[in-house]
Amino acid sequence: MCKIFTDCELKLKVIVLGAGLVGNVIAQDLAEDTNIQVTVADINEEALESLKEKVDVQTVTADLSNQELIKTIIADHDMVIGALPGFMGYVTLKTIIEQGKDVVDISFFEEDPFSLDELAKENGVTAVVDCGVAPGLSNIVLGFVDTLMDKTESFLCFVGGLPQVREWPYEYKAPFSPSDVIEVYIRLARYIEDGEEVIMPALSEPELLEFEEVGTLEAFNTDGLRTLIRTFDIPNMKEKTLRYPGHIEKMRMFRETGFFDKQEIYVKGVKIAPRDLTSKLLFKMWKMEPGDEDLTVMKIIIEGIKNDQKIRYIYEMLDKYDKEKKIISMARTTGYTCTAVAKAILTGKYKEKGIIPPEYLGKQSEVYHEIINYLSDRKVAFSEKILDI
């Protein structure tokens, strides 16, 4: 297999399924590598044309809910990047694995990815799931730090994507589809406390935290641990989402009133799911418009024992909108994590087969540093503190 950043007679062929805010950035980043030929597929012709004006990519206009069509368009590629909405993620990942293609996926679907593990191994596929910023980069960090400890005792992650300008009424913009954001507010939150799994409603256990350059944010429970609940035996683990103060109350009001319900109801003889209507209305309010600037805040605290000494690792990140390239922060932090992992697989630095949650990559020191250096080159960087406690 040819090396990235070296001359190759044959280019590696990667197809990105989805040309949304993040898929667009993934495609641009991959296309900057002259040894990769990038194809992007989406039903939105306008998004594809806009992307072709920026970088040298091939495009395919396609309804990506059609799995037979996906089989056809991925057939001639070395790797697939899944950048679709969550409700399309699982079935699409299954199709990709069945076709024997390595894949890195950021769709954050609600189904259990490990149900596809045997299928991936049978087909010799490396399938990295949940490969965004959190889950994703946060998992990679935990995977690495865990290898440095004799025993890891706790993992705490605070993370949020926010608009730099707070505008009434929501003080929020969505870098993903509104339906995926709504899922954050309705999916039960799981965390580990004293070795036991705890299940709480999303938006629960609010707390206020201070962040330099940002100010006061509110944190609340979401189902962000995902694969970590299964892959680590750490007695205390929790992930909380960050928003500007007041957001929890608004979203709880929507949820408890039924605006996020999936079950269809009749309105003047028309059958409709309240969530579909809510997504439609919120889209115009939450849509990131050209020039909108955002930021991504993340703080990870990991504690454990090393050589009989209790140690705390603190990682903090504040990433902002890229004014030069006009790329939103959440697309940078999510997209560049995805492309860093994709290149680790394409270059043969990571070779394990099966369903691969991001924490598995962090456990390999060379791969971890490759990913962190890749992000640092793109000015996505952590500050790090190591404290004896």
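Every read-out reported here was derived from the displayed coordinates using simple, explicitly stated rules and does not represent laboratory data. The model shown is predicted, which means the values in this text are computed figures rather than measured ones. Quick reminder, even Gly has a Cβ in these numbers, built from the backbone with ideal geometry, and neighbours come from all protein chains shown.
At q = 0.13, 0.16, 0.18 Å⁻¹, what log₁₀ I(q)/I(0) does a Debye calculation on the Cα points of segment 12-129 give, no solvent, two decimals?
Those come out to -0.44, -0.67, -0.85, one per q.
So, counting K/R as plus one and D/E as minus one, what does the shell of residues with Cβ under 12 Å around L217 add up to?
-2
Most fluctuating residue of G89, G161, G246 in a GNM of the chain with Cα springs under 10 Å: which is it?
Checking each option, the largest mean-square fluctuation is seen for G246.
In segment 1-109, which trypsin sites (Lys or Arg not before Pro) fall in coil by DSSP and have 16 or fewer other Cβ atoms within 10 Å?
Working: sites: K3, K11, K13, K52, K54, K71, K94, K101; in loops: K3, K11, K101.
Hits after loop and neighbour filter: K3, K11.
In sequence order, what are the phi-derived ³J(HN,Hα) couplings for segment 232-240 according to the Karplus relation 6.51 cos²θ - 1.76 cosθ + 1.60 with θ = phi - 60°, rounded to whole Hz, with x for glycine and proline?
Once rounded to whole Hz, the list reads 10, 9, 10, x, 9, 9, 8, 10, 10.
Pairs K250/K299; K13/K101; K299/K379; K101/K379; K71/K101: which exceed 22 Å Cα-Cα?
Values: K250/K299 24 Å; K13/K101 11 Å; K299/K379 17 Å; K101/K379 30 Å; K71/K101 10 Å.
As for pairs spanning more than 22 Å Cα to Cα, those are K250/K299; K101/K379.
Can you work out the FRET efficiency for the pair I265 and D388, with r the C-beta to C-beta distance and R0 = 56 Å, to the nearest 0.05? Could the numbers behind the result be given before it?
Values: r = 57 Å, r/R0 = 1.03.
The computed FRET efficiency comes out at 0.45.
Show me, for segment 134-140, the HN-Hα J-couplings you get by feeding each phi into the Karplus relation (A = 6.51, B = -1.76, C = 1.60, θ = phi - 60°), rounded to Hz, glycine and proline as x.
Whole-Hz 3J(HN,Hα) from phi for segment 134-140: 7, x, x, 4, 4, 5, 4.
Note down the net charge around R275, summing +1 for each Lys or Arg and -1 for each Asp or Glu among other residues with Cβ under 12 Å from its Cβ. Mind dumping the intermediate values first?
Numbers: positive: R255, K262, K280; negative: D180, E183, D261, E264, D276.
Local charge sum for R275: -2.
Fully extended, how many nm does the chain gain between E68 and K351 (0.36 nm per residue separation, minus their Cα-Cα distance)? List each step's numbers first, then the result.
On the way: separation 283, 0.36 × 283 = 101.88 nm, distance 2.79 nm.
Taking 0.36 nm per residue and subtracting the Cα distance, the gain is 99.1 nm.
Mind putting a number on the dipole of segment 12-129 about its Cα centre? Charges go on the C-beta only, +1 for Lys and Arg and -1 for Asp and Glu, and I need it in Debye to the nearest 20.
I would put it at about 140 debye.
Dipole of the chain (Lys/Arg Cβ +1, Asp/Glu Cβ -1, origin at the Cα centre): which of Y185, S204, L21 lies farthest to the positive side?
Value: L21.
Could you tell me whether segment 72-189 comes out rounded, prolate or oblate from its Cα gyration tensor? Rule is a ≥ b ≥ c as square roots of the eigenvalues, rounded for a/c under 1.5, then prolate if a/b exceeds b/c, otherwise oblate.
Values: a/c = 2.21, a/b = 1.25, b/c = 1.77.
It is oblate, given that a/c is not under 1.5 and a/b is not larger than b/c.
Of V57, V341, V198, which has the largest mean-square fluctuation in a 10 Å C-alpha GNM of the chain?
V198
So what's the net charge close to I265: Lys and Arg +1, Asp and Glu -1, counting the other residues with Cβ under 13 Å from its Cβ? List each step's numbers first, then the result.
Values: positive: K262, K268, K271, R275; negative: D261, E264, D276.
Net charge in that neighbourhood comes out at +1.
Report the dimensions of segment 241-389 along its three principal axes from the alpha-carbon atoms, largest first, rounded to Å.
Principal-axis extents of the Cα atoms in segment 241-389, largest first: 66, 38, 37 Å.
Suppose every Lys and Arg Cβ carries +1 and every Asp and Glu Cβ carries -1, with no other charges. What dipole size does the chain come out with about its Cα centre, to the nearest 20 debye?
480
Using the alpha-carbon centroid of each, what span in Å lies between segment 144-212 and segment 298-371?
17
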